[in-house]
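The values are calculated or read from the model by the stated rules, or taken from the named source; none is laboratory data. Just so it is clear, the model here is predicted, and its values are computed rather than measured. Methodologically, a virtual Cβ is constructed for each residue, glycine included, from the backbone with ideal geometry; neighbour enumeration extends over all protein chains shown.
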C-alpha cells in the first residue's frame, strides 16, 4: 500500500506475508543519456514541457542506480509527486497510463520490468478497492438525477444565465463593471466534479464561472475582469446557495468557495450531492447525454423565439 516518506508516496506490500521469500531481482539501470534516448525512441519524450519535466525527474531517480521492481515503482511515484501534483488529475492519469510502456523501454531486464508492472498493478487495485470501500454506496446517497433530464439541464443553463446578468462589460470596455468570456454554449467535462444530483457553484479567484452538474464540470465562463464583490451576494441569494467548501489556496491556484445550490429564483432544486469517484459515469456516456440535451434545449429555444 502507499505510505508517506518525506511527504512523498512510497509503495509497500500490506503485510510481511506478502513479501517474497527471496530477494527480488534488481538490475543496473542505464545512464541518463541512454534512458533519454530510450524514452525518445518510445515516443513519450518531447511531447510537452510538463511530461518532459516528469520524465527528467524519473531519470534522475533511476539512471545509474541498481533497482528492483518496487524501486522502479517508487521512483515513478517520487517523480510524479515532485512534478505533477500541481496539475489536473487528467494529466496525472494520462502520464500514469504510460507506466508499462516506459518501464519496458528503459529497463534492461524483462524480469525486473515485469516485476515493476505487476507490483504497481496490485498496489493500484488495492488503493482502488479501499477507496471504493470508504465511499458511500449509491443507495446511501438517495435519488440520483437522470442524465437524460432536460429540466435539470435547463436549470444548469438558467444558473449560468443568472450569473451572466451581472456581466455588464464587453471585452476591452474600460468602464466599471464585470467582464467575463461567455462559454455558456460549451460542454460539461465529465472527467471532473460530477454530482449524484443537483448543483454546486464554484468560485475561482473571486469569479463565478463553473458549475458542478450530473454531467460533470460546466465551465460557462472563461477569462474575466472586474470586481464581483457586489454581484456575488446577490447571485448566491437568488440561488439559495450555502457554503459547501471554503476558499482554498492550492498549487493549482485559489479554488473556491464551493456553494451548494438549493433554489433558482425561488424554485427549489434538490440538495446537491457529489458523486463518488468510483461511481463516475463514463465520459462518453455523460458527454453524449449532454450533447443530446444541448441540441434539444437549443431547438426548443429557437421554437420559442419563433412563436414570439
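Annotations
- Within the range 37-84, being without any contact (Cβ under 8 Å) to a residue 40 or more places away in the chain and over 29 Å from the mean Cα position of the chain (by Cα) holds for 37, 63, 64, 65.
- Test: residue in the range 103-113 that is more than 20 Å from residue 36 (Cα to Cα) and in contact with a helix residue (DSSP H, G or I) (Cβ under 9 Å, 6 or more places away or on another chain): yes
- Checked against (1) surrounded by 13 or more Cβ atoms within 10 Å (Cβ to Cβ); (2) in a helix (DSSP H, G or I), residue 118 passes all but a single condition, namely (1).
- For residue 64: the one exception among (1) exposed (fewer than 14 other Cβ atoms within 10 Å of the Cβ); (2) assigned to a helix (DSSP H, G or I); (3) modelled with pLDDT of 90 or more; (4) outside the structural domain of residue 281 (by TED's automatic domain parsing): (2)
- Residue within the range 241-249 that is modelled with pLDDT under 95, loosely packed, with under 12 Cβ neighbours inside 10 Å and either assigned to a helix (DSSP H, G or I) or at positive phi (or both) present: no
- Residue within the range 219-227 that is touching a helix residue (DSSP H, G or I) at 6+ places or on another chain (Cβ under 8 Å) and either under 21 Å from residue 265 (Cβ atoms) or at pLDDT 95 or above (or both) present: yes
- With respect to the stated conditions, residue 81 fails to be surrounded by 14 or more Cβ atoms within 10 Å (Cβ to Cβ), not assigned by TED's automatic domain parsing to the domain that holds residue 195 and not in a helix (DSSP H, G or I).
- Test: residue in the range 87-99 that is assigned to a helix (DSSP H, G or I) and farther than 23 Å from residue 276 by Cβ: yes
- Scanning the range 283-308 for residues that are without any contact (Cβ under 8 Å) to a residue 12 or more places away in the chain and either over 16 Å from residue 156 (Cβ atoms) or not in a helix (DSSP H, G or I) (or both) returns 284, 288, 299, 302, 303, 304, 305, 306, 307, 308.
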